[in-house]
Amino acid sequence: MADDLSLVPVPQRKKIPLFQRSIVKRALVDSFVKLNPVVMAGNPVMMVVEIGSAVTTVLFIAHLLAGNTGKVLLFEGQITLWLWFTVLFANFAESIAEGRGKAQADTLRRSRKATMACLEVGKDRFETVPATVLKKGDIVRVAAGEVIPSDGDVVEGVATVDESAITGESAPVIRESGGDRSAVTGGTTVLSDWLRIEISVQQGETFMDRMIALVEGATRQKTPNEIALNILLAGLTVIFLLAVATLLPFSIYAVRASGQGQPTDMFSLISLLVCLIPTTIGALLSAIGIAGMDRVLQHNILAMSGKAIEAAGDVDTLLLDKTGTITLGNRQAVEFIPAPGVSAKELADAAQLSSLADETPEGRSIVTLAKQQGLRERQLGSFDAEFISFSALTRMSGVNLNGQVIRKGASDVIFQFVRNLGMPVAPETEKEVIRIAQKGGTPLVVADNKRGTLGVVYLKDVVKGGMRERFEQLRAMGIRTVMITGDNPLTAAAIASEAGVDDFLSEATPETKMQLIRKEQTGGRLVAMTGDGTNDAPALAAADVGLAMNTGTQAAKEAGNMIDLDSNPTKLIEVVQIGKQLLMTRGALTTFSIANDVAKYFAILPAMFGALYAMPASQHGPLWALNIMRLHSAHSAILAAVIFNAVIIVALIPLALRGVSYRPMSAEALLKRNLIFYGLGGLFIPFPGIWLIDQIIVVLGLAPVC
Amino acid sequence: MTSAGWVQIIIYSVCLLILVKPVGLIIIQALERGKSLLLPVLGPVERACYRLIGVDSEREMVWTEYACALLAFSLVSMVFTYALLRLQGVLPLNPMGFSTSTAPAYATAMTPDLAFNTAASFTTNTNWQSYSGESTMSYLSQMLALAFHNWVSAAVGMAAGLTLVRGFARRSIRSIGNFWRDIVRTTLYILLPISFVCALFLVWQGVIQNFSPYTVVNTVEGAKQIIPQGPVASQEVIKMLGINGGGFFNANSAHPFENPTPLSNLLQLLLIFVLPAALTYTFGRMVKDTRQGWAILAAMFILFLSGVAVCYYFEGRGNPAIARQGVEMSVKSLGDSGGNMEGKEVRFGIAQSALFATVTTDASCGAVNSMHDSFTPLGGLVPLLNIELGELVFGGVGSGLYGMLVFAVLTVFIAGLMVGRTPEYVGKKIEKTDVKMAMLFVLAGSFSILIFAALASVVSLPLGCAANPPGAVFNNVGNAGPHGFSEILYAFSSATGNNGSAFAGIAANTPYYNVTLGLAMLFGRFVMMIPVLALAGVLVQKKLVPPTSGTFPTHGWVFVVLLVCVILIVGALTFFPALTLGPVVEHFLMQGGRLF
């Protein structure tokens, strides 16, 4: 990695197809590079296959040099070849999974260009230096059109920044000093204005550096579940090694006892071993893990470790912020409720007038609602009016128009306003206010100086479309959703029930959030949450899965174990699904791999022992009866099993990379479905598969017919 | 197969199921809560035991302490047994004068290797007997050296099984119980009362209980017959209840003094399975979800009934070679005759023999009421495979349950991932160390059986060699062809599985076999038990994860079927190649008319 380079924006991230020519090419080369035993040692199952391949190679060459020819040598040569293919296919699977990440890293790296930074060396004194010499704590100034040299916090200024290099999103975002929008990322471009930035990281540890390392898989470590699975696979390999190795003495005994046949040969024994040990999952295990991280990245989420993705699959409780995640984020006017003696039209008219100059989302929604109720849109300048904007002092806004004074605001202030004018407040209106509050809405009372209270506008937190269904799916998956909100318990309860979440935490503070996480974790549950503010950081760090928003502060991004580059908190749900899919893919292929063994026994054992105890008249001994697939000969049977074992790895690469198809449902339903697919499938598919390969082998004349 | 035969099997199954819950509750009461109706009588005895051993029964142990106590106890008692056996000639209660100069001509010498083999055998709850009891053991040896182990080796198994249950039931602590308390309570409150009552029942049925010297009678033909005597009934119940299986006589439960009637046979069968079956309920109760226990029991029952069905089917069909001689095989005048009656007692018939063979090998008992060596090849494959599965279909006292739980752990790990969560079993997450210990357990069993059997198949020792006087090892077998191989495989499977039954054609009382079989027994007991204790020690520290609809349900039929499949694929397929060279090829040869 060239150190004198920094970053410039790259075009939006493209989806990379599963098998891209350049990736495949590189993967083919890597498959051979990975034959290095040192690299192989991390994968005990494939290591055994490689050792087996090496042994058969040596034996084959020895037989060749000894001048052997004929069908036995042909058989030995082919077995050796396919054993090597088995190893290569496994390497290819891993390489192709890594290749996708590498290709992305290359794109990021290629687009790097030397960036100069305008370093502040004293008051109003600047010096232009390469971005690479910047240290943590340095202050730089970045003007419009310039690239931000490194990660940092804005200490002065407001500017629009193009962050597409990181997020792929071309719409510019605003960065300003103080608050939750102060973090800037190296490699992004300032579009307008200028910023004064304090560099917050050392070189080599920038977000972009970490991102390249992550997508490339350079920092990939085995996840806990992967380690456990590896132990299981290694254990099974040793067990099968024992079973196969002891077959040699057992067959020696059988040959002595029957006075017939030959003890089994090394080629058959190694073939049996390779077919029995779980090569399918052994070959694809690391590809599955890499592909999982890649899938998360396709969703524009950067996972800091594979462990986080795995944990996501285990999550029991999702903590979701109400605003922006469950609700649209702004309250909207949904209903005008006129006071007694006031028509709906009059109320709508007054509400609209008072909101014409109100640029808040609530104000605009009132204008829109009035328009929907048949009032034509009025232009601000069309009449002589004085607009009163909301102030913290009066807590009202409104308009003064030809002597008519219209005000809207919270109920207590407006009621006071009306009473000050000497008019009563209708009890019906007061009841409406309470009713709306109880339903979780915000009542906004409208009044004027002539008729007093005109009525109530019902402002409502609007739940995003489809949330209820998603929460139902989550519940089916056994995941509890908890809504976090600063609202009072009444409002919170109403929204919670509308959105269909299981529970809520109202009047939430960072402390209560933290308490909730601790409580859930003590109960043995795993917690996922999203956050963006600095005060979210402790909770993000404590949660098992902490998804930080890219727009958030540096503290939040460092505390979380995933960063959503699109800053869309709803994606936490996708993360959980990807985590589950990752674990399911591992389980499915493990089950498939182990179930495969049954058929392979029926191919290889009769081939190995078919000649024992044969009566003089018959060609085959009694154990040939176990050849239920009616394979042609001992050689073709063993070869067919070995080829099937190798080819199935390639056939399953797409499944390993894409993950098994996943629909949210209960564990029991999922289990039944996957068991039928991968358990029974794994048991039965090899029978026709091996039979077919045997037919092909014989047609091609690669093994004797009997 | 006849319907009468199946009715007997069903009656047995129903009786067993009825006993599961009450006995399971008694076990919890006695072992976990220290409560028993017999407390007024046995409470002082319990406290005296602790004082005698010099231990604090209230102190909870972490798994390493527990394992040390267990190993120390087993080592000391094994050495004690060895010494007692070697010294039986100078010790009392030896009316026949075994191991003395006045020993009868037919007596077997108590050599160091035989004493080692026997001490290992009884310490490990195997009860493999390279000798005939009536021609080798003094009454003192039988009652003290051997019967002592019949009690405590069962208690040790129960203790180890309970630790794993506690591993699942307890949470976020480190201790897995107190070894001394577990074995003393098991012996006093479980084994002792049941043995006492059932021994009386057996005496009523005709089992003998005396200290008389052997009776010599003149038969009608004028021949002289020696009829052995002894304190049989008191040993008989614990032989079954403790899943020991070492017979007082060589003929074991086929001998009319040990097992005289069909009723005594039913009781013996029930005694074998009752504790392991009840422990599944204990497990369910302790993890606060009895459905989990029933699921484990269901998996055991599926494997058990499949075994009985296969064994009974092939024994009932008999030997086609005999049929070809014109012997009518289809007549079923006395219920079940007509099939393969070689080596079977007429008073039990084929159904009871097939049932007994399956039960005694499902559980690691090893008592027999018929000669497994004489079974048809596939009928005999059932006992052999039962043992090789790892003695977990009911299995030994405690050891059957822990074997099954280890496989449950592997099952949720292999298939549980398919629900998209890190696997859990009864609320405990299954992680790296758990998988490691479970795999060590499975590996240890396969290793011992396969390696020792492989050695015995090819090791070539000269004729008259001190280690194995009969010569090359493979000549020790009593039969030619694949059957001889089955005898070797059976011997080492039986030793590793701590079963103790045999394909008796093999001449095992030679230094080579005594030592290798003894090692296999120690391996199969302790090398397999330590990972289980470690697993318990890891599990007990974990938090309990509350089940949700996203949790892999381990109480339904899907799990039961899955568990059975994993046991068959991981447990049985390992031995499939070896079995093809033994019983399977023998079966095909028998169909072709060749016998061995």
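Side notes on the structure shown:
- Net charge of Cβ neighbours under 12 Å - reference A:A144; Lys, Arg +1; Asp, Glu -1: -2
- Per-residue average of Cβ from other chains inside 10 Å of A:253-262: 5
- Here is the list for region B:95-179: trypsin sites (Lys or Arg not before Pro) lying in DSSP coil, each with at most 15 other C-beta atoms within 10 angstrom of its C-beta, are B:R174.
- Once the Cα atoms are used to define both axes, helix A:489-499 deviates from the longest principal axis of chain A by about 50 degrees.
- Values of log10 I(q)/I(0), in the order q = 0.05, 0.07 Å⁻¹, for the protein assembly as shown under a Debye, Cα-only, solvent-free model: -0.50, -0.83
- Remark: region B:24-85 projects, on average over all directions, an area of 5.9 nm² (convex hull of Cα atoms).
- For region A:612-697, trypsin sites (Lys or Arg not before Pro) are listed when DSSP marks them as loop and at most 13 other Cβ atoms sit within 10 Å of their Cβ; the list is A:R630.
- Highest-first arrangement of A:587-597, B:394-404, A:489-499, where packing means the average Cβ count within 10 Å: B:394-404, A:587-597, A:489-499
- Counted by Cβ distance under 11 Å from A:L572, the other residues give a net charge of -1, where Lys and Arg count +1 and Asp and Glu count -1.
- A cut-off under 13 angstrom between Cβ atoms defines the neighbours of B:L303, and their net charge, with Lys, Arg +1 and Asp, Glu -1, is -3.
- Projecting the Cα atoms of B:T111, B:F148, B:L164 onto the charge dipole of region B:3-591, computed from C-beta unit charges around the Cα centre, puts B:L164 farthest toward the positive end.
- Shown in residue order for region A:533-539 are the 3J(HN,Hα) couplings computed by the Karplus curve 6.51 cos²θ - 1.76 cosθ + 1.60 at θ = phi - 60°: x, 4, 6, 7, 3, x, 5 Hz (x for Gly and Pro).
- Hz values of 3J(HN,Hα) by residue in region A:245-255 - Karplus curve (6.51, -1.76, 1.60), Gly and Pro given as x: 4, 6, 5, 4, x, 4, 6, 4, 4, 5, 5
- Loop sites in region A:202-262: GluC sites (Glu not before Pro), DSSP, at most 15 other Cβ within 10 Å: A:E205
- For the set A:K371/A:K571; B:K21/B:K432; A:K25/B:K432; A:K519/A:K557; A:K102/A:K222, the pairs lying more than 29 angstrom apart at their alpha carbons are A:K371/A:K571; B:K21/B:K432; A:K25/B:K432.
- Cα coordinate range in region A:419-498, projected on the principal axes (Å, largest first): 59, 22, 19
- Extent of region B:479-593 along its three principal axes (Cα atoms, max minus min coordinate, largest first): 58, 37, 18 Å.
- Taken about its Cα centre, the protein assembly as shown carries a charge dipole of about 1000 debye when Lys and Arg each add +1 at the Cβ and Asp and Glu each add -1 at the Cβ.
- Calculated on the alpha-carbon coordinates, the convex hull of region B:90-210 measures out at 145 cubic angstrom per residue.
- Estimated Rh, region B:481-539: Kirkwood, alpha-carbon pairs, angstrom: 12.5 Å
- Size estimate for region B:3-591 follows the Kirkwood approach: the inverse of mean 1/r over distinct Cα pairs works out to 24.2 Å.
- Debye log10 I(q)/I(0) at q = 0.22 Å⁻¹ for region A:219-296, Cα point scatterers: -0.97
- In the context of the full set of protein chains, the protein assembly as shown has a per residue accessible area of 36 Å² (1.4 Å probe).
- Peptide B:213-224 has a mean of 0 when you count, residue by residue, the C-beta atoms of other protein chains within 10 Å of its C-beta.
- A loss of 50 Å² or more of accessible area (1.4 Å probe, protein heavy atoms, ligands and nucleic acids excluded) relative to the isolated chain is seen in these residues of region B:427-451: B:K432, B:M439, B:L443, B:L450.
- Computed in the context of the full set of protein chains, the accessible area of region B:3-591 at 1.4 Å probe radius has 68% of its extent on carbon or sulfur.
- Remark: region A:577-706 carries a charge dipole of roughly 480 debye about the Cα centre, counting +1 on each Lys and Arg Cβ and -1 on each Asp and Glu Cβ.
- Averaging Cα coordinates gives a centre for region A:69-99 and one for region A:319-354; these two points are 70 Å apart.
- Our Cα-only numbers for chain A put the radius of gyration and Dmax at 34.7, 122 Å.
- Each part gets one Cα centre, and for region A:556-570 versus region A:442-480 those centres are 27 Å apart.
- Annotation: amide H-H contacts under 5 Å for B:V368 (H modelled 1.01 Å from N, sequence separation of 5 or more, or interchain): B:S253, B:A254.
- Anisotropy class assigned to region B:268-407 is prolate, per the alpha carbon gyration tensor with a/c at or over the 1.5 cut-off and a/b larger than b/c.
- Every Cα-Cα pair of region A:507-609 was included, and the share exceeding 16 Å stands at 66 percent.
- Accessible surface buried once B binds A (1.4 Å probe; total of both sides; Å²): 5600 Å²
- Rounded to the nearest Hz, the phi-derived 3J(HN,Hα) couplings of region A:203-216 under the Karplus curve 6.51 cos²θ - 1.76 cosθ + 1.60 (θ = phi - 60°) are 5, x, 10, 5, 4, 5, 4, 5, 5, 4, 4, 5, 5, 7, where x marks glycine and proline.
- Measuring max minus min along each principal axis, the C-alpha atoms of region B:357-446 give extents of 49, 24, 21 Å (largest first).
- For the residues of A:592-600, the average number of beta carbons from a partner chain within 10 Å of their own beta carbon is 2.
- For the pair region B:257-321 / region B:237-253, the C-alpha centres are spaced 17 Å from each other.
- If the Kirkwood radius is taken over C-alpha pairs of region A:127-211, then at 10 °C and 1.306 mPa s the Stokes-Einstein diffusion coefficient equals 127 µm²/s.
- Only aspartates and glutamates eight or more places from A:K431 in sequence, or on another chain, were considered; those with a Cα closer than 17 Å are A:E335, A:D412.
The values are calculated or read from the model by the stated rules, or taken from the named source; none is laboratory data. As the structure is a prediction and not an experimental result, all values here were calculated from the model. Because the Cβ atoms are built from the backbone with ideal geometry, glycine has one as well, and the counts that use them run over all protein chains shown. These area figures cover heavy atoms from the full protein model, side chains too; ligands, DNA and RNA do not enter into them. Shrake-Rupley method; radii C 1.70, N 1.55, O 1.52, S 1.80 Å.
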